[in-house]
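**Student:** Sharing a structure below in C-alpha cells format, with a few things to ask.
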Amino acid sequence: MSMVGGVGTERVAPLRRNRAFQVLWLGQCVSQFGNVTAVLAYPLLVLTLHGSAAWAGVLGSIAYAVGLAARLPAGAICDRADRRRIMIVSEVGRAAAMVVLTAAVIAGVVPIWLIIVVAAVDGVALEFFRFAGRSALRHVVHPSQVPVALAANEARSQSAALAGPAAGGWLFAVGTWLPFGVNALAHALTAAMVATLRRPLQKRPQRHADRRRPFHTEVREGFAWLRRAPEVRVLLISAIGPNLVFGGATLVIVAAAHDQGSGGAVIGTALSAASLGGVAGALAAPTLMRALTPTALLFSASWLLPAVLFGLAAAPGVGAMALLLGVAVFTVPLLNTLLSTYQVRFTPDGLQGRVFSVSSFITGAAQPFGPLLGGVVYETSGGTAAFLTLAAVLALSASVVTALPSARRLRPIAWAAPDAPPASPEETAPGGSHGEPEHGSARG
C-alpha cells in the first residue's frame, strides 16, 4: 500500500500520483503565472501613462514594502487559522483587485494612486497565500520527498517566470488591460482549485486559548527559533543582497529597453528568455544539491551574481542583458531550494508559518529599496551606473557571507531514498552539530 506522510513501512507514493500535491502545485502554478504576467505590466503601464522610471520604481518599492509589512502577521495567522481557507480568501481578494484595475484601464482613467493601491492589495494577499501554501507542504508529501517537492516548486516558479513576462508583454501590446484581466482569471481559477483540497493542511486547529495570544508573542517565537538555527540564519543573510538587487536590475533592464525603443512584446520576450536560466537551475537543483556540499553551492552562487551584474553594465543591448540575467537567475532556484529544505525539514509544524514569515521578512527587508535604487540611479546617471551600483551591493553581500564561520559549517542535507520509511517524528532542536531533522535523519 502506498502512503504519503505518517510513520510506517509502506512504500511512498510518488509525487506524480499524489493528488493533493498535484492540486496544490498546479494551483500555485496558475497563480504565479497570472502574477508574473501582471508584474511586467505594472511598470509598463506607469511608463506608458506617466513616462517616469522613477515613478515605476516608487510603485515597485511600495508594493514590496506593504508585502514586507504583511509577512509577520501573515505567518502567525497561517499557524493559527485554516491554511486552506487563507489560500482561497487571498486568491479571491487578488482577483477582485485585478478586476478593479482592469475596469479602470478599459475606462481610460488610471491615476497613479489606483495602480499603487491595487499593487499593494495584490502584494499583501500574495504573502498570505504563499505562506499558507509553503506551510502546508509537509502535510501533502512524505518527509523523504521534501527536497524533491521543493525543487518541483522552484521549477514551477521558474516556468511561470519563463512564460509570464512574454505573455504579459504580448498581452500589453494587444491591449493594456489584458495582462490584468488574465491575472484576475488566474487567481479565480486558483481559488477554485484549492477549494477542492480535502486533506488537512496542518496538524490540528490551534487551541482557543492560544488563538487569543498577542501576535507579537507568536512572532517573537519565530525569531527565537531562528536564533537557535545558525544554518538557516546564514542562508537568510546570503539572500538579503540578491533580493534587494534583482528587483532593481529587472527595472533597469525594462527602462533601458523601453528607452531604446523596444515595445512591451520585445521586453517581455527578453525577460522570458532570461527565465530559461531559472528553469535550468530548478531542474539542476536536486543533482547539484547531491553533488556539492551546501557550503560550495552557497559560495559559488554568491560570487557568480556580482560578476554577472558587472557584465550587465557593459551589455550592448536587450538581448545581451537578457542572456546575462539568465545566468544570474540560474542561481535563484538553487539557493531557494537549499534554504527551503533546511526550513521545512528542521522547523516544527506549529512554527512553520512564523518561521517562513520571519525568514521572508529578514531576507526581504531591503527588497523595497531595490526598484527605488535602480530607478533613481538610472534616471540620474544612466544604465551603466545603475548596474555597477547593484553589482557593488552583491559583491559586498558575497564578502559578508564568505566571512561568516557558520557558512563554512553547513551540514549536508539528508536525502532519503524515495521508498524509505520516515523515522520517528520527534521534534528536535534546530541547528548545532548534534541536531537532527524533525522527522529523523534519512540516509541516501
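A short reminder: the numbers here are calculations on the coordinates, not readings from a lab. Just so we're clear, the structure is a prediction, and the values are computed from it rather than from any experiment. Don't worry about glycine lacking a Cβ; one is built from the backbone with ideal geometry, like all the others, and counts go over all protein chains shown.
**Student:** Please compute the net charge surrounding ALA296, taking Lys and Arg as +1 and Asp and Glu as -1 over other residues with Cβ under 14 Å from its Cβ. Spell out each step's value before the answer.
**Tutor:** Details: positive: ARG290, ARG408, ARG409, ARG411; negative: none.
Local charge sum for ALA296: +4.
**Student:** For the range 171-318, with equal point scatterers placed on the C-alpha atoms only and solvent neglected, what are the log10 I(q)/I(0) values from the Debye formula at q = 0.11, 0.14, 0.17, 0.19 1/Å, to two decimals?
**Tutor:** Reported log10 I(q)/I(0), two decimals: -0.82, -1.13, -1.21, -1.23.
**Student:** Next up: In debye, nearest 20, what is the charge dipole magnitude of the range 1-134 about its Cα centre with +1 on Lys and Arg Cβ and -1 on Asp and Glu Cβ, if you could check?
**Tutor:** On the way: 12 positive and 6 negative charges, 106 e Å.
My answer is approximately 520 debye.
**Student:** Grab the Cα-Cα distance for THR384 and GLN260, subtract it from 0.36 nm times how many residues apart they are, and report the gain in nm with one decimal.
**Tutor:** On the way: separation 124, 0.36 × 124 = 44.64 nm, distance 1.41 nm.
The span from THR384 to GLN260 would gain 43.2 nm if fully extended.
**Student:** Using the charge dipole of the chain (Lys, Arg: +1 at Cβ; Asp, Glu: -1 at Cβ; taken about the Cα centre), state which of LEU271, THR293, TYR378 has its Cα farthest towards the positive end.
**Tutor:** THR293
**Student:** Continuing with this model, one more query. With a length cut of 20 Å (Cα positions projected on each helix's long axis) and a Kyte-Doolittle mean of at least -0.5, go through the chain and give me the DSSP H helices that pass. List each step's numbers first, then the result.
**Tutor:** Numbers: long enough: 19-50 (46 Å, 1.02); 53-80 (41 Å, 1.03); 83-107 (36 Å, 1.18); 112-136 (36 Å, 1.47); 146-174 (41 Å, 0.79); 178-194 (24 Å, 1.42); 230-259 (45 Å, 1.25); 276-291 (22 Å, 1.16); 294-312 (28 Å, 1.64); 318-346 (42 Å, 1.46); 383-403 (30 Å, 1.86).
Taking the DSSP H segments of the chain (at least 20 Å long, mean hydropathy at least -0.5), we get 19-50, 53-80, 83-107, 112-136, 146-174, 178-194, 230-259, 276-291, 294-312, 318-346, 383-403.
**Student:** Just report the Cα centroid separation between the range 248-319 and the range 135-182, whole Å.
**Tutor:** 17 Å
**Student:** May I pose another question? As I understand it, the dipole of the chain uses +1 on the Cβ of Lys and Arg and -1 on the Cβ of Asp and Glu, about the Cα centre. Which of PHE387, CYS78, GLY311 lies farthest toward its positive end?
**Tutor:** CYS78
**Student:** Which longest run of the chain has no exposed loop site in it, a site being trypsin sites (Lys or Arg not before Pro) in a DSSP loop with at most 14 other beta carbons within 10 Å, and the site itself not part of the run? Please report the intermediate quantities before stating the final value.
**Tutor:** Values: sites that count: ARG198, LYS203, ARG207, ARG212, ARG228, ARG443.
For trypsin sites (Lys or Arg not before Pro) (loop position, at most 14 other Cβ atoms within 10 Å), the longest site-free span of the chain is 229-442.
**Student:** Determine the gain in length on full extension of the stretch SER399-ALA69; use 0.36 nm per residue of separation and subtract their C-alpha separation, reporting nm with one decimal.
**Tutor:** So the extension gain works out to 116.0 nm.
**Student:** How much length is gained on full extension from PHE215 to ALA103, taking 0.36 nm per residue of separation minus their Cα-Cα distance?
**Tutor:** On the way: separation 112, 0.36 × 112 = 40.32 nm, distance 3.67 nm.
Value of the extension gain: 36.7 nm.
**Student:** Right, something else. Would you calculate, for the chain, the mean residue ellipticity at 222 nm contributed by helices, counting each DSSP H stretch of 4 or more residues as -39,500 (n - 2.57) and dividing by all residues, to the nearest 500?
**Tutor:** -25500 deg cm²/dmol
**Student:** I would also like to ask the following. Long-range amide H contacts for VAL12: which residues qualify at under 5 Å (H placed 1.01 Å from N, peptide plane, sequence gap of 5 or more or a different chain)?
**Tutor:** Placed amide hydrogens put MET3 under 5 Å from VAL12.
**Student:** Follow-up. Please get the size of the charge dipole for the chain, origin at its Cα centre, with Cβ charges of +1 on Lys and Arg and -1 on Asp and Glu, quoted in debye to the nearest 20.
**Tutor:** Values: 33 positive and 19 negative charges, 269 e Å.
In debye, rounded to 20, the chain gives about 1300.
**Student:** Still on this structure: Suppose R0 equals 41 Å. What FRET efficiency, 1/(1 + (r/R0)^6) with r the Cβ-Cβ distance, do ALA313 and ARG198 give to the nearest 0.05?
**Tutor:** Details: r = 52 Å, r/R0 = 1.28.
With R0 = 41 Å, the Cβ-Cβ based efficiency is 0.20.
**Student:** Here's a follow-up. Positive end of the dipole of the chain, charges at C-beta (+1 Lys, Arg; -1 Asp, Glu), about the Cα centre: which of LEU410, ASN35, PHE361 has its Cα farthest in that direction?
**Tutor:** Checked the options; the winner is LEU410.
**Student:** Where does each of 178-189, 370-381 land if you order them by average Cβ count within 10 Å, highest first? Provide the component values of the computation, followed by the final result.
**Tutor:** Values: 178-189: 23.9, 370-381: 22.2.
Listed from highest to lowest mean packing, they are 178-189, 370-381.
**Student:** Okay, next question. Of (i) 99, 23, 22; (ii) 35, 25, 20; (iii) 34, 29, 25, which one was derived for semi-axes √(5λ) of the Cα gyration tensor in Å from the structure shown?
**Tutor:** (ii)
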